[in-house]
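Peer 1: Structure incoming, see below.
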Amino acid sequence: MQSLTRLSRRAALGVVGAAFAAGMMGAVPAQAQEVTIPIIVKDTTSFYWQIVLAGARQAGKDLGVKVPELGAQSEADINGQISILENAVAGKPAAVVIAPTEFKSLGKPIDEAAKSVPVIGIDSAADSKAFTSFLTTDNVQGGRVAADGLAAAVKEKTGKIAGDVALITSLPGVGSLDQRAKGFKEELAAKYPDLHLVADKVADGQATTGLNITTDLLTANPKLVGIFASNLIMAQGAGQALAESGMAKKVALIGFDSDDKTLGFLDKGVIAGLVVQDPYRMGYDGIKTALAASKGEKVAANVDTGANLVTKANSTDPKIAALIHPKLN
């Protein structure tokens, strides 16, 4: 009996030990599983968004996070981005980072996504209060910076801060672009009463449309002294129109964001200034914030990532040079 009891105890212990070992073995893959945080940008083909993705990629390396780089092929593909968001959330990531393409349309999809995972917004707002954190340029302030830069450039070209100016917006209903327009108009009204906004044009997200709009503006407004093209694509098109028409000597152009083409226009004097954000920081800090939020850590509700006016004169300053020549690792 005693030996049977011992055997029974040993058998029981063996079963418990095997169950414990099996439990531990089952726990290892879950513990070792890589954290996934997708980042969804507006347009994977744009240089600006490639910088954002580079920042996110580096954050993934530094923090040990898998970062799928997602996005549509055009900022105008709103439905495409909604589908990408839904598919990303279906994969049950730790969190999602997204730059919404359009304010109204992305509101409900983001609300729905936030029921499952923390959602971190970058760059542009959406009609949602479900963001765990939102990292962006103060785009209203960015518009004010553009107005100040345009006033200075007009004075340099004409000797006075007066004349007709125009605003070109890439797409309708985009939160960041609407805010830039707001800041631009407010600053003109408050500080530059002799600069008259005679045209407020909205395009379709294509550089060729920006070129055509600018060409038409130059023809229809012979007293035009300045243009604010409020994103990279419109700055490319407007810069091309000024270069081809030879009107860059008379009309000042301020753009928003930079790439090789717009920096080339800046160097040649076709573009007077570029309001430059910090897209690398948006990508990097977006992933960093998402990881913290996924762990239940407290994160800032709103983060201003800053904006600077780049001119030919200050383009070699170390701080500015780091913004306009980021490392696309």
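The values are calculated or read from the model by the stated rules, or taken from the named source; none is laboratory data. Given the structure is predicted, the values throughout are model-derived calculations rather than measurements. When we count neighbours, we look across all protein chains shown, and the Cβ atoms used for this are built from the backbone with ideal geometry, even at glycine.
Peer 1: Every residue in region 30-72 that is basic (Lys, Arg) and buried (at least 16 other Cβ atoms within 10 Å of the Cβ), please.
Peer 2: Those that are basic (Lys, Arg) and buried (at least 16 other Cβ atoms within 10 Å of the Cβ): LYS42, ARG57.
Peer 1: Residue by residue through region 85-111, note down the ones that are without any contact (Cβ under 8 Å) to a residue 24 or more places away in the chain and either buried (at least 21 other Cβ atoms within 10 Å of the Cβ) or over 12 Å from PRO38 (Cα atoms) (or both).
Peer 2: Matches in region 85-111: GLY107, LYS108, ASP111.
Peer 1: Kindly provide the set of residues from region 282-307 that are surrounded by 20 or more Cβ atoms within 10 Å (Cβ to Cβ) and modelled with pLDDT under 95, ordered by number.
Peer 2: Of everything in region 282-307, just one residue is surrounded by 20 or more Cβ atoms within 10 Å (Cβ to Cβ) and modelled with pLDDT under 95, namely ALA307.
Peer 1: One residue is enough: does region 65-76 have a residue meeting the conditions at pLDDT below 95, over 17 Å from GLY283 (Cβ atoms) and not aliphatic (A, V, I, L, M)?
Peer 2: Taking every residue of region 65-76 in turn, at least one turns out to be at pLDDT below 95, over 17 Å from GLY283 (Cβ atoms) and not aliphatic (A, V, I, L, M).
Peer 1: Does ILE168 fit the bill of being closer than 22 Å to LEU85 by Cα and surrounded by 23 or more Cβ atoms within 10 Å (Cβ to Cβ)?
Peer 2: no
Peer 1: Identify all residues within region 132-147 that are surrounded by fewer than 19 Cβ atoms within 10 Å (Cβ to Cβ) and in contact (Cβ under 8 Å) with a residue 60 or more places away in the chain; write none if there are none.
Peer 2: Passing the criteria: ASP138, GLN141.
Peer 1: Follow-up question, since we're still on this one. May I ask you to verify whether LYS108 is among the charged types (D, E, K, R), out of contact with any helix residue (DSSP H, G or I) (no Cβ under 8 Å at 6 or more places or on another chain), in the same structural domain as ALA88 (by TED's automatic domain parsing) and modelled with pLDDT of 95 or more?
Peer 2: In short, yes.
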